[in-house]
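Notes to accompany the following structure.
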Amino acid sequence: MNLTEIATQIREARERIILIYAFNATGKTRLSVEYKGITRNAEGAQTGIYYNAFSEDLFVWDNDHDNSEQDIKLEIVESSLNRFHSSLTEDAIREKLIPYKPRYDFYFDEPKDKNPENGIPSVCFYRKGDDKTKIKISRGEERIFVWCFFLALFEVEGWAEPTHFFIDDPVSSLDDHNIFITADTIFRLIENNLDKRDIIVTSHHLGLISILSDWISKGEKAEMFVNRDKSKKYKTLILEREEDDLILSNPRRSVLLYHLCLLQLLEEARKKKEIYTHHFALLRQALENIASFLGVGQFGYVLEQIGITPETRVADIVNALSHQKVYYYQTDTPVPENKAMFEEVMERLMKKYNFKLHTE
């Protein structure tokens, strides 16, 4: 299929929430552009809101080299979004930033003509407690700020018309912890807009898609995502490229790509000894996938098969940690006993089933 056919397939899906995993350079950003094109109304106007690489390009640094960086700022390129800026407040963005625990603060520059309808021209950043000295934040911090800027914009009055949100890879340049904070912000966005508009999320980060899929399908609020006729309001897909063709497939039909990538991510965490709470959610998914392949309903059976006893207690720990909200720092790092348990499960899993993974 080509991009237009893929976009059309997504548009015609009966599910309101579409999660798509794809390797980089597969065509995720171009897919969002194609989707924008086929969903315009009769007058040619956009009917959705898009967060993608083009959205990030609206924010450009003015490093003020001629003045020794004294007036360094993040400029906002004029676009169709400017008309909504007048309803956007600094506090609204600060609220979205709270889970990320930023070490900086910021303020908006006023338009030179003092007309708020022209939008916010730029943003100045400073270290908390020193609003006189402007600073440049890191690339990761910038990505987080831009994402929170859009999260706040999504809630501005006047955005009620869009029929869909298309979110393409909001986690570039972020570390694992901030990626899973972002997963929580996306889940809240999905929750708040459920049955109001369609939401499409694409990402090259398997963990982001896996966690969202897990929360939606098996989390505490999973019942929200099932219709009265028991049909699902969501779908998880994989976008693959085979030579010049694109394929949009179900993860269960792409075991090699999806499940082995998941195990690869977990094995890398074990080898590097960089194990965090969100890895337990991914571990549970891997165990459930193996259990499903073996024709049993509970992943405790897999634990028993690899020699983990008592398997019920280990299953309880995996369940408890995989349901925690990852945006709280105090829950991000498991206790040593649970880290050791994770390592043992992964070591026995790899030995028992002899998965062939490409890890560093």
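The values are calculated or read from the model by the stated rules, or taken from the named source; none is laboratory data. Predicted, not measured: the structure shown is a model, and the values here were computed from it. Ideal geometry is used to build each Cβ from the backbone, glycine not excepted, and the neighbour counts take in all protein chains shown.
Please specify each residue of segment 104-159 satisfying the condition of being under 15 Å from ASN63 (Cα atoms) and of a type in the set (Lys, Arg).
Those that are under 15 Å from ASN63 (Cα atoms) and of a type in the set (Lys, Arg): LYS134, LYS136, ARG139.
Within segment 52-59, can one find any residue that is within 22 Å of the chain's Cα centre (by Cα) and under 23 Å from ASP130 (Cα atoms)? Outline the logic, then answer.
Let us first name the residues in segment 52-59 that are within 22 Å of the chain's Cα centre (by Cα), namely 52-59.
Restricting the remaining residues to those that are under 23 Å from ASP130 (Cα atoms) gives none.
Looking through segment 52-59, none of the residues is within 22 Å of the chain's Cα centre (by Cα) and under 23 Å from ASP130 (Cα atoms).
In this structure, does GLY207 turn out to be part of a helix (DSSP H, G or I) and not assigned by TED's automatic domain parsing to the domain that holds ARG14? Give the derivation first.
Details: part of a helix (DSSP H, G or I): yes; not assigned by TED's automatic domain parsing to the domain that holds ARG14: no.
No: the conditions fail for GLY207.
Among the residues of segment 7-34, which ones are under 28 Å from MET224 (Cβ atoms) and either exposed (fewer than 13 other Cβ atoms within 10 Å of the Cβ) or not assigned by TED's automatic domain parsing to the domain that holds ILE190 (or both)? Steps first, answer last, please.
Let us first name the residues in segment 7-34 that are under 28 Å from MET224 (Cβ atoms), namely 7-22, 28, 31-32.
Of everything in segment 7-34, those that are under 28 Å from MET224 (Cβ atoms) and either exposed (fewer than 13 other Cβ atoms within 10 Å of the Cβ) or not assigned by TED's automatic domain parsing to the domain that holds ILE190 (or both) turn out to be GLU12, ARG14.
Could you list, in sequence order, all residues of segment 64-77 that are surrounded by 12 or more Cβ atoms within 10 Å (Cβ to Cβ) and assigned to a loop (DSSP other than H, G, I, E, B)? Spell out how you get there, then give the answer.
Filtering segment 64-77 down to residues surrounded by 12 or more Cβ atoms within 10 Å (Cβ to Cβ) leaves 64, 69, 71-77.
Passing the criteria: ASP64, GLU69, ASP71, ILE72, VAL77.
Every residue in segment 176-219 that is closer than 22 Å to ALA286 by Cβ and among the charged types (D, E, K, R), please.
Matches in segment 176-219: ASP176, ASP184, ASP214, LYS218.
Looking only at segment 234-264, which residues are in contact with a strand residue (DSSP E or B) (Cβ under 6 Å, 6 or more places away or on another chain) and at pLDDT 80 or above?
TYR234, LYS235, THR236, LEU237, ILE238, LEU239, GLU240, ILE247, LEU248, SER249, listed by residue number.
Considering only segment 233-250, I want to know if a residue exists there that is in a helix (DSSP H, G or I) and out of contact with any Lys or Arg (no Cβ under 9 Å at 6 or more places or on another chain). Even if it seems obvious, please write down each step before you answer.
Initial filter on segment 233-250 (in a helix (DSSP H, G or I)): none.
Checked segment 233-250: no residue is in a helix (DSSP H, G or I) and out of contact with any Lys or Arg (no Cβ under 9 Å at 6 or more places or on another chain).
Report every pair of residues separated by at least 6 positions or lying on different chains whose Cβ atoms are under 8 Å apart, first residue within segment 282-308 and acidic (Asp, Glu) and modelled with pLDDT of 85 or more, second outside any loop (DSSP other than H, G, I, E, B) and surrounded by fewer than 21 Cβ atoms within 10 Å (Cβ to Cβ).
GLU304/GLU311
Counting only residues that are touching a residue at least 60 places away in the same chain (Cβ under 8 Å) and not basic (Lys, Arg), which one in segment 26-45 is farthest from ARG197 (Cα to Cα)?
Going residue by residue through segment 26-45, those that are touching a residue at least 60 places away in the same chain (Cβ under 8 Å) are 26-29, 31-32, 35-36, 39.
Of the ones still in play, those that are also not basic (Lys, Arg) are 26-27, 29, 31-32, 35, 39.
Values: THR26: 26, GLY27: 24, THR29: 20, LEU31: 19, SER32: 16, TYR35: 15, THR39: 13 Å.
The selected residue is THR26.
Scanning segment 35-54 for residues that are of a type in the set (Val, Ile, Thr) and under 21 Å from GLU5 (Cβ atoms), which turns out surrounded by the most Cβ atoms within 10 Å (Cβ to Cβ)?
Only one residue fits best here, namely THR39.
Looking at VAL171, VAL156, which one is modelled with pLDDT under 90 and buried (at least 22 other Cβ atoms within 10 Å of the Cβ)? So that I can check it myself, show each step before the final result.
Details: VAL156 fails: buried (at least 22 other Cβ atoms within 10 Å of the Cβ).
Answer to the check: VAL171.
Which one is surrounded by the most Cβ atoms within 10 Å (Cβ to Cβ) among residues in segment 174-203 that are assigned to a helix (DSSP H, G or I) and among the hydrophobic types (A, V, I, L, M, F, W, C)?
In this case the residue turns out to be ALA183.
Can you name the number of the only condition in (1) in a helix (DSSP H, G or I); (2) at pLDDT 80 or above that PRO334 fails?
(1)
Within segment 105-123, which residues are surrounded by 16 or more Cβ atoms within 10 Å (Cβ to Cβ) and more than 19 Å from SER80 (Cα to Cα)?
Correct list: ASP105, PHE106.
Evaluate segment 86-94: report whether one residue or more is buried (at least 16 other Cβ atoms within 10 Å of the Cβ), farther than 26 Å from ASP131 by Cα and touching a residue at least 40 places away in the same chain (Cβ under 8 Å).
No, because not a single residue in segment 86-94 is buried (at least 16 other Cβ atoms within 10 Å of the Cβ), farther than 26 Å from ASP131 by Cα and touching a residue at least 40 places away in the same chain (Cβ under 8 Å).
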